[in-house]
Each structure stands twice: as structure tokens, then as C-alpha cells.
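Report on the structure given below.
The values are calculated or read from the model by the stated rules, or taken from the named source; none is laboratory data. This one's a predicted model, so the numbers in the text were calculated from it and none came from an experiment. Here Cβ is always computed from backbone atoms with ideal geometry, including for glycine, and neighbour counts include all displayed protein chains. Calculation scope for accessible area: heavy atoms of the full protein, side chains included, ligands and nucleic acids excluded. Shrake-Rupley method; radii C 1.70, N 1.55, O 1.52, S 1.80 Å.
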Amino acid sequence: MKILSALLLLLLFISACTKKDTGLGKDIIDPNALLNGITTDTFELITYSILEDSTETKNASNVLLGSYIDPKFGKVDASVYTELRLPGLNPSFGNPDLIVIDSFVLALEYVGYYGDLSAQTFEVYPLTDSLQNASDVKYYQFSTVATGSTNWVAAGQETITPDPINDAVVAGTEVDPQLRIHLDTNRAWDFINEATTNAATFASNAAFQNYFKGLKIAVNNPNQTTGKGAILYLDINNNPASKMTIYFRLDGVKKTYDFTINTNCADFTHIDHEQANTPVAALLADSTLGQKAFYAQANKVRAMVKIPGLDQLPDNIIIHRADLSLPVQFQTGYRYKPGSRITAASKLSASDVFYTSLGIAGLYSDVTKQYDLDIRAYLQSLVNGKLENTGIVVSPLFFRNSAERIIFNGVETTNKKKPKLVVTYTTY
């Protein structure tokens, strides 16, 4: 998986969690000042997975597009809904009788991908209902907006092999990698004729968006096989290269006209997960299967680790270290690589509806094939009675705008490495 480093600064970390400051560990005595500690690693771990039913995907820093079939998680299919805006008001295309349209292209800049870069069939449909960009309007991974029935992709141009690695060539110039979908030029004529006969449509963005409400961009891959396909990560908010462009000649002079996609446009990703008859579906139906293997998947599934024995820790201790290791099932070079980080959250009390971020990031090591989490502050807060032992929820860092998935070893795995918590503490 290739992700630009700048993306790390923009992505939100767990969409279903509240964002309050827990203040965990602020009054912990410096563990480095205490030298003689007791170390134990005999805690029982109960591991399973939980379903995430509502992941907000509106205006994320990147959108997801494409499909792939995972042998463990089933099929993932992602489509994009977005508005477009005018680059300027009252365009003058010139005399339509002197215009020749060369092409009409929807360009979407890549920021990465997840899966296998095999051919996919793309579809583009106009929206018939408007998107809403007000802060109180939310769109989730299950949201949809009505569309027209006509596919705008030019005949014979539907199948594309994505290439998010190599530069694209546009008008003889190399540019950063982008997905370029060629659209039916008759749809470009619709815009030119509208601007010629009804100039008021282009007099404001509000009028334009009432006329043209946006696009749904999707894939249609009914013959995709297991292990094939990919989810593409596309930057449509922060990159001027993502746009819809009419390439035309006016009386022989080459010209272009762009419809822009930017931060003023509402957008969201719709994601379908087909998990029937998969190990993930079996675990969600029977949580005890998580003792052998348990799962996390962006937008859909979170991993749960419960440690009942933490309730038996005495309340007169100072935690020196608390290292939770979560080994994964992954062979180097396999296309479905675990993400570089996971995040941890918890319900501060059993009555809470939402999970709260613990401010913990577990780093993945390709050498040890595991994530390591420092949960010392969390344990100290448990001991001090500041929160209840409701378990730790683990998720891919890029939960709402990636396709990452992770297979964790359970405590009853047949693999060599098992999840483990090692705690060192001192009594006082």
C-alpha cells in the first residue's frame, strides 16, 4: 500500500469515538523513579470482533473507489458521490458551430491503493438529488443519493487498469499519477449548449449545482475473482488535478474548460461489504471463535480485547510498564498488508454508548509481525478507579478512508505467537 506521508496529518482516527480528553495518566508517579517491580504475563485475554454499523465518510481527506475480493473478509466495493463547481462564473465557450470536442475526462488524483492492480470496469452517473454540505448533515458508509440511469463513461473506455504508481501523461506533460475516465462527449455538449442558451445556469455556483447536482463514480466487476481488484485512494478535496475537463477546439484553437472538485464540494464514500460465508461472518455470529483468530477492517469491523484479570490488580500499585502485543497473520509481500498503525479506544464506563480514544497508537513491526501497544496509562487509570474495565477496542488508524484489514492471532491460535500482556508494577 502506497500512501503519501502528508495524508498521515489529515486523516481522522476513529470516527465512532468521542473526542474528549480522558486525562489518563496525568497523576501517575514517574515509573522510572521506582526500580524494583513485579512482572507478570499471566493475564487471560478474551478476543473477538465487533461490527461497526455507522462510519461517517463525508468529506474525508481521501475517498475510496473500486472493489476487491478478500479470501477472509469477502468482497469490498466502494463508490464515490461528489459535487462539482465552476472555476469561474459566466464562461464563454464561443460559437458552438465552431467548436469541435476532442474529449471529456474525469481525472482523480491517486494517493494510494490497497489490493491488486488488475483491470476494473468504471461507471459514472449524474446525481438527481443534491448533496448537502452543512455541518449538521452527515453521510455514512451506507448512505446513497439518487442518480440518473445513463452511464456517462464513453463506450469502449469503461475498463481501466489502475496505475497509482507511475506518472500520467496529460497533453504531452507528465503529471502525478491519476485515474482518467473518458466520458461521453455528448454530455460535454450538454454543458456547452446550456451555457449558450441559458446563461443564468452559469451565473452562480448555486444555480449551476441546481442544474448539475454532481456525480456518482462506481465500479461494476461481476466477474472479479478472489485475490483480484483493489480499493483506490483518491484525493478529490485538496488537489486541483482532480476535476472534470472538456478538451475542445474553437475555430481550430485548442482550449479546455474545467469543472472543479474542491473543499467547498460535499462528497462521501459508499462502501458495501459482502461477508456471507466468510471467517469474519462466522466470528461475528460466534464470538468464541475469536480465541483462535480475530479481525479488524476499516469502515466495518473493530477488534476487541478484554482482560478480566485487570480487575484483580491491587489498588496500591504504580504501573511501571504495560505492554500489549498483538501478533498478526501476514506473510511479507502479501497484497493485503496490515496498516502501519492501529488505535485503541474504550468505554470509560459500561453505560457509555460511544468509545473514547485512549490516545494510544500501536505500531506494526514487519520483523516481529505484531502490533505493540503501551497501555500503561490506561492500566493506571483502571487501578485508580477513573474508568471501568470494559475492554480495549482496536482499529486500523485509517478507519474511515482506507480498506486496510488485519487478522490477529487469538490466544488459542495454532501459530507460534499469541497475544500477550506483560505488566510490571510496584506496590506502596
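The table that follows gives values for the structure above.
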quantity	calculated
Per residue accessible area in Å² of the chain, where ligands, DNA and RNA are left out and the probe is 1.4 Å	44
In degrees, nearest ten, helix 185-197 long axis to first principal axis of the chain (Cα)	70
Percent RCO, i.e. relative contact order, over segment 107-211, from Cα pairs under 8 Å lying at least 6 residues apart	30
Entries of Lys347/Lys369; Lys243/Lys369; Lys72/Lys213 with Cα pairs more than 31 Å apart	Lys243/Lys369; Lys72/Lys213
Most positive-pole-ward Cα, Leu234, His182, Asn205, against dipole of segment 181-236 from beta carbon charges	Leu234
Which of Gln297, Thr278, Val253, positive extreme of dipole for segment 228-325 (C-beta unit charges)	Val253
Cross-link partners of Lys417 among aspartates and glutamates (Cα-Cα below 16 Å; sequence separation of 8 or more within a chain)	Asp41, Glu44, Asp323, Asp366, Asp372
Charged-residue dipole, Cβ positions (Lys, Arg, Asp, Glu), segment 207-279 about Cα centre, Debye nearest 20	320
Rule-of-thumb Rg ratio for the chain [Cα; 2.2 N^0.38 Å; N residues]	1.15
Counted charge near Asn389, where neighbours are those whose Cβ lies closer than 14 Å (Asp, Glu -1; Lys, Arg +1)	-2
Point-charge dipole on Cβ atoms (K/R +1, D/E -1) for the chain, about Cα centre, debye to 20	720
Between segment 201-271 and segment 141-159, the Cα center-to-center distance that results, in Å	11
Sequence ranges 396-405, 42-51, 137-146, ranked by mean other-Cβ count within 10 angstrom, highest first	396-405, 42-51, 137-146
Relative contact order [Cα under 8 Å, 6+ residues apart], segment 101-167, whole percent	47
Normalised contact order of segment 311-428, rounded percent, pairs of Cα under 8 Å and 6 or more residues apart	42
Positive-end residue of Ser287, Phe43, Ser402, charge dipole of the chain with Cβ unit charges	Phe43
Space enclosed by the convex hull of the alpha-carbon atoms of segment 229-294, per residue, Å³	167
Members of Lys75/Lys292; Lys228/Lys306; Lys58/Lys292 lying beyond 32 Å, as alpha-carbon distances in this model show	Lys228/Lys306; Lys58/Lys292
Ordering of 169-177, 259-267, 289-297, 155-163 by burial proxy (mean other Cβ atoms within 10 Å per residue, highest first)	289-297, 259-267, 155-163, 169-177
Helical mean residue ellipticity (222 nm; -39500 (n - 2.57) per DSSP H run of 4+; nearest 500) of the chain	-2500 deg cm²/dmol
Percent accessible area from carbon and sulfur atoms, the chain, protein chains only, probe 1.4 Å	48
Rounded to the nearest 20 debye, dipole of segment 44-122 from Cβ charges on Lys, Arg, Asp, Glu	120
